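Chemist: Below are the structure tokens for one structure; questions will follow.
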Amino acid sequence: MMISQKMNAKLSDQVAAEFYASHKYLAMSCAFDRMGLRILAQRFLKQADEERGHALKIVGFLRDVGGAVTLEAVDKPRADYGSVEEVVQAALDSELDITRRINELVTQAEGEKDYATRSFLQWFVDEQVEEVSTMTDLLNLVQLAGPNVLQVEAALRHQMLAAKD
Ligand code: FEO
């Protein structure tokens with residue numbers, strides 16, 4: 001095995017954290033569906049898929065370095081959101097938590113002079129910058145729109161159409 005037992009255990013914990021993030025985004029998507037906000041629901045469903053992809057990326061790395069993959073139970077995600085802002089704030093908090101975890105993994109890899117894991121983790125460092133930024137922008141948009149949540153849906157629809165061009 002190319003990595004330490006400790007690094008292996010910490011990466012397995014991150015697999016669980018990414019699956020939990022995916023589960024949270026799926027619950028948030030369902031909450032938006034219940035509010036009748038289809039675009040937000042779609043956006044968060046896509047994010048749930050991305051988080052699952054992050055978990056699988058780590059599983060793939062563990063395989064490549066001869067590590068052991070141990071899957072944990074995924075906690076039940078929160079579902080009782082009272083407003084769009086509450087959901088988006090919870091998503092931002094979750095991204096900040098994931099960022100903190102990734103930074104701890106980087107610290108561990110550097111401390112062990114484990115440069116293979118350090119190099120692998122750079123993708124996640126960059127991804128978190130993007131995800132925290134995107135969620136912060138969405139929270140700002142939601143706060144600007146106030147009670148006019150349909151304006152948020154309209155702005156997101158516009159962004160999605162622009163991205164397709
Ligand atoms: Fe996989 Fe959004 O952190």
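Just so it is clear, none of the values below were taken in a lab; they were calculated from the coordinates. What you are looking at is a predicted structure, and each value in this text was computed from that prediction instead of being measured. For neighbour counting, all protein chains shown are included, and Cβ atoms are generated from backbone atoms with ideal geometry for every residue, glycine included.
Chemist: Within the set of other residues whose C-beta is less than 14 Å from the C-beta of F32, count the net charge using Lys and Arg as +1 and Asp and Glu as -1. Present the calculation step by step, with values, prior to reporting the outcome.
Modeler: Working: positive: K24, R34, R38, R43, K46, R78, R157; negative: D33, D80, E85, E86, E153.
Combined, the nearby Lys, Arg, Asp and Glu give +2.
Chemist: Still on this model: Starting from the Cα gyration tensor of region 1-65, take the square roots of the eigenvalues, sort them a ≥ b ≥ c, and report rounded, prolate or oblate (rounded when a/c is under 1.5, otherwise prolate if a/b is larger than b/c, else oblate). All intermediate terms of the calculation are to be shown ahead of the outcome.
Modeler: Working: a/c = 6.81, a/b = 3.18, b/c = 2.15.
Prolate, because a/c is 1.5 or more and a/b exceeds b/c.
Chemist: Can you give the percent of C-alpha pairs in region 33-117 whose distance is more than 15 Å? Don't skip to the end; give the middle numbers.
Modeler: Numbers: 2594 of 3570 pairs.
Roughly 73 percent, once rounded to a whole number.
Chemist: While we're looking at this one, here's another question. Can you give the net charge of the other residues whose Cβ lies under 14 Å from the Cβ of V87, counting K and R as +1 and D and E as -1? The partial results should precede the final answer.
Modeler: Values: positive: K24, R34, R43, R78; negative: D33, D80, E85, E86, D93, E95, E153.
With Lys, Arg at +1 and Asp, Glu at -1, the neighbours total -3.
Chemist: Moving on. Over the C-alpha atoms of the chain, what are the Rg and the largest Cα-to-Cα span, Dmax, in Å?
Modeler: For the chain, the Cα radius of gyration and maximum Cα-Cα distance read 17.4, 55 Å.
Chemist: I need the helices of the chain that pass two filters: whole DSSP H segments spanning 24 Å or more by Cα along the axis, and mean Kyte-Doolittle score no lower than 0.0. It would help to have the intermediate numbers written out before the result.
Modeler: Details: long enough: 5-34 (44 Å, -0.36); 38-64 (39 Å, -0.42); 84-111 (41 Å, -0.14); 115-145 (45 Å, 0.16).
Counting only whole DSSP H runs, the qualifying helices are 115-145.
Chemist: Also: Quick one: if the Förster radius is 35 Å, what FRET efficiency do Q122 and Q151 give, using the C-beta to C-beta distance and rounding to 0.05?
Modeler: Numbers: r = 37 Å, r/R0 = 1.06.
For Q122 and Q151, the calculated efficiency is 0.40.
Chemist: Looking at region 1-99, which trypsin sites (Lys or Arg not before Pro) are DSSP coil and have at most 15 other C-beta atoms within 10 Å of their C-beta? Kindly include the intermediate steps, with their values, before the conclusion.
Modeler: On the way: sites: K6, K10, K24, R34, R38, R43, K46, R52, K57, R63, R78; in loops: R78.
Those satisfying the criteria are R78.
Chemist: Charges at C-beta only: +1 for Lys and Arg, -1 for Asp and Glu. How large is the resulting dipole of the chain about its Cα centre, in Debye rounded to 20?
Modeler: Working: 18 positive and 26 negative charges, 68 e Å.
The dipole of the chain has a size of about 320 debye.
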